[in-house]
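Asks: Quick one: the structure is below, questions incoming.
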Amino acid sequence: MTNKDEKIYIIFTILLVMGIGSGIFYFTEYRQSKMYFPDDIVMKTQEGETFSFSELEPKVRLLEFMYIDCPDLCPNTTFQMQNIRDQLVKKNIFGSKVEFLTITFNPEKDSAEKIDAYANTFEVNKTDGWEILRGSPEDTKKLTDQFDFLFRDSGTGEFVHTTATYLLDVENRVVKVFGMGEFDFDKEAVYKAILKEVD
């Protein structure tokens, strides 16, 4: 390899590393900084109460999008969130400093009755601080778009969807994005990240 070839190789390597670094920055810091709760969205809770995103108190929030007929990822994630909630209750910070939001992205089929049954299954109403939300299809799409959460009906009644849950700080900025399901939602990592934000 000549000196000229070495220089070209070094320049190419530097550009490649810079490109990868920029890509990582875009998919983490930049994209996360653009995620937010639109102020003009109002939804209903599992108890039929109005929930307005313009009236959020400063709390650390764990956000999950799901649909009730999901066969695996969604209920498994909700179940693990239930376990985390119980741990946070023992620390006396759930509800007062930490809030969970579970939002259906299939509001046309996930009726108020189905939402209520889902809440009962996972003991969501066991304590204050966890809301399962259902909004209009338009508001739901507007919200999922803000978090780059994609979903589409596969034609079988089941959805193909993004496998992400979001941890937001007290200013509602996304600070961590976790996976969903048994293998990609790391319960211990989520729990520790929540405690770090509370501290």
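The values are calculated or read from the model by the stated rules, or taken from the named source; none is laboratory data. Since the model is a prediction, treat every value here as computed from it, not as a measurement. Reconstructed Cβ throughout: ideal geometry from the backbone, glycine too, with neighbour counts over all protein chains shown.
Asks: Filter the stretch 79-92 down to residues that are more than 17 Å from the chain's Cα centre (by Cα) and surrounded by 18 or more Cβ atoms within 10 Å (Cβ to Cβ), then give me how many there are.
Replies: 1
Asks: Is the stretch 132-146 home to any residue that is of a type in the set (Gly, Ala, Ser) and under 20 Å from Lys59 (Cα atoms)?
Replies: Of the residues in the stretch 132-146, the ones of a type in the set (Gly, Ala, Ser) are 135-136.
Filter once more, keeping what is under 20 Å from Lys59 (Cα atoms): none.
Checking the stretch 132-146: not a single residue is of a type in the set (Gly, Ala, Ser) and under 20 Å from Lys59 (Cα atoms).
Asks: I'm trying to understand the selection: among the residues of the stretch 166-193, which are of a type in the set (Gly, Ala, Ser) and touching a helix residue (DSSP H, G or I) at 6+ places or on another chain (Cβ under 7 Å)? Break it down stepwise before answering.
Replies: Of the residues in the stretch 166-193, the ones of a type in the set (Gly, Ala, Ser) are 179, 181, 189, 193.
Result: Gly181, single match.
Asks: Ser54 versus (1) under 15 Å from the mean Cα position of the chain (by Cα); (2) at pLDDT below 95: which is the lone unmet condition?
Replies: (1)
Asks: Can you find a residue that is of a type in the set (Gly, Ala, Ser), under 19 Å from Thr144 (Cα atoms) and either in contact (Cβ under 8 Å) with a residue 40 or more places away in the chain or in a loop (DSSP other than H, G, I, E, B) (or both) anywhere in the stretch 28-47?
Replies: Yes, the stretch 28-47 has at least one match.
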